[in-house]
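The values are calculated or read from the model by the stated rules, or taken from the named source; none is laboratory data. Please read these numbers as outputs of a predicted model, since none were measured by experiment. We place every Cβ from the backbone using ideal geometry, glycine too, and count neighbours over all the protein chains shown. The accessibility values were calculated without ligands, DNA or RNA, using every heavy atom of the protein model including side chains. Shrake-Rupley method; radii C 1.70, N 1.55, O 1.52, S 1.80 Å.
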Amino acid sequence: MTTIPGFPFPYFEVQFNKQGNAADENEVNQALKSISQGAFTDLFIVSHGWNNDMDDARKLYKNLFDCVDKELDAGDVPNLGSRKFAVLGILWPSKKFAEEDLIPSGAAGINSAVTVQFIQKQLDNLKGVFDKSDADATIELAKKLVPQLENSPKAQREFADLIRSLPKRGAEHSDDASDRFFTLDGAEVMKRLSNPAFAPPSHAKPAGGAAASIGSPIGGPHGPAGGAAGLGSFFSGIKSAARNLLNYTTYYQMKERAGIVGQLGVNALLRKIQAQAGGIKLHLIGHSFGGRLVTAAAFGPENQQPLKVNTMTLLQAAFSHNGFAQKFDGNHDGFFRKVVSEHRVSGPIVITCTENDKAVGIAYPLASLISGQNASAIGDKNDPFGGIGRNGAQKTPEASDGKLLTIGGSYQFQSGKLHNLNADQIIKGHSDICHNEVAYAILNAVAKT
């Protein structure tokens with residue numbers, strides 16, 4: 001059994017592969033046995049996001065639960081003294097990008113164009129990311145087309161079709177324009193993605209006073225400085241379209257994979273835990289794409305009775321702010337609407353959101369381009385495309401807006417309701433989630449169960 005030195009609670013861990021299957025059944029059996037025999041009243045299930053390797057994920061889990069332990073020891077949340085807690089860490093396949101790919105526009109600076117060499121390097125960085133068996137060979141074919149993109153509509157169409165063939169399809173939805181991404185003509189996709197896309201506006205200017213881009217491959221470790229990485233572009237033109245295409249395709253792959261791991265693998269594991277551990281309470285916590293993973297776990301397979309989840313906390317989650325919505329465009333419910341409408345989480349759902357999170361705008365300016373809209377400075381709660389970690393749950397009747405409170409503040413959490421907690425004063429970047437105030441909110445939700 002994997003242990004994390006100094007972890008403040010009994011800790012168990014299960015790794016999943018790209019298909020959503022447990023990587024090691026012995027690991028699963030050990031976790032099931034220990035949890036069922038541990039007489040635990042409550043189990044936290046926590047998932048990391050994209051761009052975390054295993055060491056990063058474990059460090060994140062320890063730092064977060066050090067804060068939880070501190071709040072429990074302080075007694076800041078009453079009526080939890082008799083609870084016995086354990087933590088189940090979920091690990092799923094992710095790729096850590098080089099640091100130069102995590103700054104705005106990657107290797108292409110603000111005063112330079114996106115070059116052939118930059119696009120080809122991006123393609124090399126994406127080897128090993130996609131599920132398709134011949135994905136790396138497909139990437140090599142796409143690399144050969146890059147020098148022709150500027151002047152050949154035929155090459156543009158072929159490039160788009162090759163890149164769009166990389167991810168396994170299955171998580172298409174109108175809330176992020178992925179339904180249109182695969183059906184548009186390849187040349188039209190490139191044309192739309194050749195327009196400039198900008199990060200959502202914020203009230204505070206980033207360092208240097210420039211507008212914040214969400215550029216380059218999927219963003220990652222954004223600490224207290226709020227590093228501006230993610231998806232997007234200051235630039236326009238066909239080579240910029242190629243980069244935008246790679247970024248959006250990578251986003252879609254991670255979205256689809258997080259959904260499969262959560263909906264199939266984690267959901268099945270939690271069913272086994274509930275069957276063997278009696279009345280243990282389950283508390284889901286997901287960061288970034290891990291927010292989508294744990295939401296998918298609560299959603300579960302369509303052909304099974306819903307899993308009984310007690311609380312869910314989404315920390316800077318990277319999926320659509322319409323994910324829980326009711327008829328967000330007049331016709332469509334959000335992808336995870338049933339989690340709310342069918343009460344698949346019996347207690348409160350807590351959502352941290354802040355404009356300080358530049359990376360959580362993942363794909364949404366690009367989704368606007370794909371849909372044919374003007375993508376200049378989009379992404380706030382009034383726009384069709386935006387991230388839940390920036391804006392909270394939108395067009396969701398069960399959701400209410402509040403703030404992430406300081407220790408001792410009074411939360412009015414309600415079972416079956418979603419609580420958007422504006423965290424501008426506390427969370428300063430995408431992965432800046434390990435705060436006592438965050439732990440205090442999580443425990444206040446737990447105390448309602």
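Miscellaneous remarks
- Hits in region 65-79 - residues which are out of contact with any Phe, Trp or Tyr (no Cβ under 9 Å at 6 or more places or on another chain) and either under 23 Å from V294 (Cα atoms) or assigned to a helix (DSSP H, G or I) (or both): K70, D73, A74
- R83 fulfils the conditions (1) more than 28 Å from K59 (Cα to Cα); (2) at pLDDT 95 or above; (3) among the charged types (D, E, K, R) except for a single criterion, (1).
- Candidates in region 280-332 are the residues that are surrounded by fewer than 24 Cβ atoms within 10 Å (Cβ to Cβ) and in contact with a Ser or Thr (Cβ under 8 Å, 6 or more places away or on another chain); of these, the one that is farthest from E256 (Cα to Cα) is I280.
- Some residue of region 200-214 being open to solvent by less than 20 Å² (accessible area, probe 1.4 Å), modelled with pLDDT under 65 and under 17 Å from N125 (Cα atoms): no
- Of all residues in region 387-399, exactly one satisfies the criterion of being under 21 Å from the mean Cα position of the chain (by Cα) and either modelled with pLDDT under 90 or open to solvent by 40 Å² or more (accessible area, probe 1.4 Å) (or both), namely K395.
- Any chance A298 is modelled with pLDDT of 95 or more and either within 19 Å of M54 (Cα to Cα) or touching a Phe, Trp or Tyr at 6+ places or on another chain (Cβ under 9 Å) (or both): yes
Table: residues versus (1) in contact with a Cys (Cβ under 9 Å, 6 or more places away or on another chain); (2) aliphatic (A, V, I, L, M); (3) open to solvent by 60 Å² or more (accessible area, probe 1.4 Å); (4) at pLDDT below 95.
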{"position": "Q19", "(1), (2), (3), (4)": "no, no, yes, yes"}
{"position": "S34", "(1), (2), (3), (4)": "no, no, no, no"}
{"position": "L43", "(1), (2), (3), (4)": "no, yes, no, no"}
{"position": "M54", "(1), (2), (3), (4)": "no, yes, yes, yes"}
{"position": "Y61", "(1), (2), (3), (4)": "no, no, no, no"}
{"position": "E71", "(1), (2), (3), (4)": "no, no, no, no"}
{"position": "K96", "(1), (2), (3), (4)": "no, no, yes, yes"}
{"position": "L102", "(1), (2), (3), (4)": "no, yes, no, yes"}
{"position": "S105", "(1), (2), (3), (4)": "no, no, no, yes"}
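- Yes/no for K143 being modelled with pLDDT of 90 or more and out of contact with any helix residue (DSSP H, G or I) (no Cβ under 6 Å at 6 or more places or on another chain): no
- Flag if I407 is touching a His at 6+ places or on another chain (Cβ under 6 Å) and surrounded by fewer than 24 Cβ atoms within 10 Å (Cβ to Cβ): no
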